[in-house]
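The values are calculated or read from the model by the stated rules, or taken from the named source; none is laboratory data. Source: prediction; values computed, not measured. Positions of Cβ are backbone-derived with ideal geometry, glycine not excepted, and every protein chain shown enters the neighbour counts.
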Amino acid sequence: MIRRLFLDRSGTSAVEFAICLPFLILLYIGGYQLVDGLSAYRKVTATARTIADLTSQFTTVNDADLDTILNASQQVMAPYRISSATMTISQIRIDAAGLSTVDWSRGKNGAGLTVGSNFTIPAGIRTPNTWLIVASLNYNYVPNVGATLIGTIPMRDQIILNPRATARITKT
């Protein structure tokens, strides 16, 4: 009877499946979260690019124009919640000595940069007597599954462009 029980293989597949199932579920959920996180980061980059691109096409702006641009970016971030994002659009002035300071700034879900404060621009694009448009976006990604285990993942991107229609965008 012991020999017959030892040779019986009828439940082997069920036992193997029961052992593998938790691993397969974890692999599926982990793959989903990885792809969703990458998609969120792509949206962060696309949104920052859109903010900088739209702003760089103006010759003059006011607070209402900047608010419209920042509000329109909500459509680019969809389906991710824009309430978890802090967006800033600024114009940076680089003087004759190569020092860069904030000329004007506007923020959404947070304050803009302080006018007149120093701003670090990479040396490769720091040209004296020019202005640059800088759009930055900080987003706190919360995973759909396992948020308590993984936690919030901060995502950040910054895009720097030259004004297109004029050397400097005047804020009224």
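Structure summary
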{"quantity": "Some residue of region 98-116 being of a type in the set (Val, Ile, Thr) and under 30 Å from residue 35 (Cα atoms)", "calculated": "no"}
{"quantity": "Output for region 6-57, where each listed residue is more than 21 Å from residue 71 (Cβ to Cβ), in contact (Cβ under 8 Å) with a residue 12 or more places away in the chain and not β-branched (Val, Ile, Thr)", "calculated": "32, 33, 36, 37, 41"}
{"quantity": "Number of the condition not met by residue 123 [criteria: (1) among the aliphatic types (A, V, I, L, M); (2) touching a helix residue (DSSP H, G or I) at 6+ places or on another chain (Cβ under 9 Å); (3) surrounded by fewer than 13 Cβ atoms within 10 Å (Cβ to Cβ)]", "calculated": "(2)"}
{"quantity": "Looking only at region 27-72, and only at residues there that are over 21 Å from residue 140 (Cβ atoms) and of a type in the set (Phe, Trp, Tyr), the one that is surrounded by the most Cβ atoms within 10 Å (Cβ to Cβ)", "calculated": "58"}
{"quantity": "The listed residue being farther than 30 Å from residue 33 by Cβ and outside any loop (DSSP other than H, G, I, E, B), out of 76, 134", "calculated": "134"}
{"quantity": "Qualifying residue in region 86-95 (condition: more than 28 Å from residue 118 (Cβ to Cβ), of a type outside the set (A, V, I, L, M) and at pLDDT 95 or above)", "calculated": "no"}
{"quantity": "Any hit, region 71-78, residues being over 30 Å from residue 111 (Cα atoms) and within 17 Å of the chain's Cα centre (by Cα)", "calculated": "no"}
{"quantity": "Pairs with Cβ under 6 Å, 6+ apart, first in region 67-80 and farther than 15 Å from residue 42 by Cβ, second modelled with pLDDT under 90", "calculated": "74/82"}
{"quantity": "Residue match in region 108-122 (condition: assigned to a strand (DSSP E or B) and farther than 17 Å from residue 169 by Cα)", "calculated": "yes"}
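Residue-wise test of (1) surrounded by 13 or more Cβ atoms within 10 Å (Cβ to Cβ); (2) touching an Asp or Glu at 6+ places or on another chain (Cβ under 7 Å).
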{"residue": "107", "(1), (2)": "yes, no"}
{"residue": "116", "(1), (2)": "no, no"}
{"residue": "119", "(1), (2)": "yes, no"}
{"residue": "137", "(1), (2)": "yes, yes"}
{"residue": "141", "(1), (2)": "yes, no"}
{"residue": "149", "(1), (2)": "no, no"}
{"residue": "168", "(1), (2)": "yes, no"}
